[in-house]
1. Pull out all pairs, ordered by first then second residue, where Cβ-Cβ is under 9 Å, the residues are six or more apart or on different chains, the first lies in segment 55-66 and is without any contact (Cβ under 8 Å) to a residue 40 or more places away in the chain and basic (Lys, Arg), and the second is surrounded by 14 or more Cβ atoms within 10 Å (Cβ to Cβ) and part of a strand (DSSP E or B).
2. Among the residues of segment 28-37, which ones are surrounded by fewer than 16 Cβ atoms within 10 Å (Cβ to Cβ) and either touching a Lys or Arg at 6+ places or on another chain (Cβ under 7 Å) or in a helix (DSSP H, G or I) (or both)?
3. Any residue at all in segment 38-49 that's outside any loop (DSSP other than H, G, I, E, B), within 15 Å of residue 18 (Cα to Cα) and modelled with pLDDT of 95 or more?
4. Inside segment 51-66, can you point out the residues that are part of a helix (DSSP H, G or I) and surrounded by fewer than 17 Cβ atoms within 10 Å (Cβ to Cβ)?
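The values are calculated or read from the model by the stated rules, or taken from the named source; none is laboratory data. All of these numbers come straight from a predicted model, not from anything done at the bench. For neighbour counting, all protein chains shown are included, and Cβ atoms are generated from backbone atoms with ideal geometry for every residue, glycine included.
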Amino acid sequence: MKTVVHHSIEGLVARVRGEFLEMPGLTLTEAQARRLWGLDIPTCQQLLGRLLEVQFLARTPDGHYRRADGIVMGLNPRANAVNVKGDPV
């Protein structure tokens, strides 16, 4: 069963990365991400946590998730980003 969950999360990670790459200015709260992708709370938290861990996403101080590179917006990739604990990175 654990293998199925792992594959499911990895599939979601690939899908969400693709969506953020297609829409570079996309910023979402956790609640918005849950609604957009039809996820329950634990799955969404695991997904966003994985994308933060690999530094694909950054979390802003107001709780929005965005691409960590900030290329399209011309942002510093680390500007206003915080880690999972809420500390500046």
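1. That search, which allows pairs on different chains as well, returns 59/65; 59/66; 59/82.
2. Step one: of segment 28-37, the residues surrounded by fewer than 16 Cβ atoms within 10 Å (Cβ to Cβ) are 29, 31-32, 35-37.
Once the filter is applied, which keeps residues that are surrounded by fewer than 16 Cβ atoms within 10 Å (Cβ to Cβ) and either touching a Lys or Arg at 6+ places or on another chain (Cβ under 7 Å) or in a helix (DSSP H, G or I) (or both), segment 28-37 yields 31, 32, 35, 36, 37.
3. Checking segment 38-49: at least one residue is outside any loop (DSSP other than H, G, I, E, B), within 15 Å of residue 18 (Cα to Cα) and modelled with pLDDT of 95 or more.
4. 53, the sole residue that qualifies.
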